Amino acid sequence: MGDKTMPLEDFAATIESGMTIGIGGWGSRRKPMALVRALLRGDVRDLTVVSFGGPDVGLLCAAGKVRKLVYGFVSLDSIALDPHFRAARERGALETAEYDEGMVVTGLRAAAARLSFLPTRAGLGSDVLAMNPDLVTIASPYDGEEYLAMKALPLDVALIHVNRADAAGNAQYLGPDPYFDDLYAMAADRAYVSTERIVPPEDLLATGPAQSLLISRIFVTGVIEAPRGAHFTSCEPDYGRDEAFQAHYASSAGDGAAWELFRETYLDGGEPDYHQAVARFHADRNDRNDRNDRHDRQARHGGHGRAEGSR
């Protein structure tokens, strides 16, 4: 079947400025964050990004790497909007195509089928046509019913993160939702899959049913083993979203000096440096919480003593 495994650094070297990149996952769930962080460390620019966006979009916007964003939303799920995306959108720093979520799915399906468009009802009766004047409607040749003609969203590259994959590129999700990652892979000329663990092919069905084998090796160009490679987004059931670190990311975005410190601490080094820095963040946070708990207990104990002495 062929071994498609590759180091994270080799993946990043294959991405060129001006490409159209589709990023799988959904909001702040199972995003290929290790692949995104690898792009941040490179020199690529002027990307067109297609995504149901989360911090993947936010980080790329913060680094000035996005020329155009095609999206249905950009959310951190437990935080309504990614702050870097919001700032870039408000200052007009990138071109946007904001579609209904069903339109994005239809565009990916058209690209996967190598069609120029597909008809859909999604977006009809909304302002989406006014916001995107390049879109048109089409009448059905059978009954005359009007549909929106959603143009295809072909991708140069798709980036996807899964729970397990084999060396040939067969990719498996074990969480509650596939998030249309298979469509991203099929709509792209090349697909790179990062995974929590590379396993022998026979082990894939030991952890999930056949329908959890979401992506066939025929669509995959490279496989990158990246434990906790979706962090700080979730990768259920391996781990949930790191809410504390996500809050730190979002709060740092609102202050220039705080963001520079965040970037230097977590993004400028390699992937092992990132995970070590995150571990230190949690250790420091736990130490602060322990100190606060001790202080609170001491304050309560002292308060009781004063109350008893006054009676």
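The values are calculated or read from the model by the stated rules, or taken from the named source; none is laboratory data. The model shown is predicted, which means the values in this text are computed figures rather than measured ones. Virtual Cβ from ideal backbone geometry, glycine too; neighbours counted across all protein chains shown.
Per-structure values
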| item | result |
| --- | --- |
| Any chance Tyr184 is closer than 21 Å to Ser51 by Cβ, aromatic (Phe, Trp, Tyr), touching a Phe, Trp or Tyr at 6+ places or on another chain (Cβ under 6 Å) and in the same structural domain as Val70 (by TED's automatic domain parsing) | no |
| Test result for Arg121, under 23 Å from the mean Cα position of the chain (by Cα) and either of a type outside the set (D, E, K, R) or at pLDDT 95 or above (or both) | no |
| Residue count, segment 154-196 (criterion: within 17 Å of Ala12 (Cα to Cα) and crowded, with 24+ Cβ neighbours inside 10 Å) | 11 |
| So Ala112, is it surrounded by 18 or more Cβ atoms within 10 Å (Cβ to Cβ) and in contact with a His (Cβ under 8 Å, 6 or more places away or on another chain) | no |
| Candidate set: segment 240-262, residues that are surrounded by 15 or more Cβ atoms within 10 Å (Cβ to Cβ) and without any contact (Cβ under 8 Å) to a residue 40 or more places away in the chain; chosen: the one farthest from Val162 (Cα to Cα) | Ser252 |
| Count of residues meeting criterion [closer than 21 Å to Arg41 by Cβ and either among the basic types (Lys, Arg) or touching a Gly at 6+ places or on another chain (Cβ under 6 Å) (or both)] in segment 256-298 | 2 |
| Residues that are in contact with a helix residue (DSSP H, G or I) (Cβ under 7 Å, 6 or more places away or on another chain) and closer than 21 Å to Glu95 by Cα, drawn from segment 112-127 | Gly123 |
| Elements of type strands (runs of 3 or more DSSP E) contained in segment 93-159, each with 2 or more residues being within 20 Å of Trp26 (Cα to Cα) | 95-98 |
| Residue ranges of strands (runs of 3 or more DSSP E) in segment 7-92 with at least 3 members crowded, with 24+ Cβ neighbours inside 10 Å | 20-23, 47-53 |
| Where Ala279 falls short, out of the listed (1) among the aliphatic types (A, V, I, L, M); (2) under 30 Å from Asp3 (Cα atoms); (3) without any contact (Cβ under 8 Å) to a residue 24 or more places away in the chain | (2) |
| Verdict on Ala307 being among the aliphatic types (A, V, I, L, M) and either at pLDDT 95 or above or touching a Phe, Trp or Tyr at 6+ places or on another chain (Cβ under 7 Å) (or both) | no |
| Selection count where residues are among the basic types (Lys, Arg) and within 22 Å of Pro32 (Cα to Cα), scope segment 55-102 | 4 |
| Selected residue [at negative phi, small (Gly, Ala, Ser) and in contact with a Leu (Cβ under 9 Å, 6 or more places away or on another chain)] from Ala80, Ala93, Ala88, Ala139 | Ala88 |
| Boolean, Val104 is of a type in the set (A, V, I, L, M), under 21 Å from Leu153 (Cα atoms) and under 16 Å from the mean Cα position of the chain (by Cα) | yes |
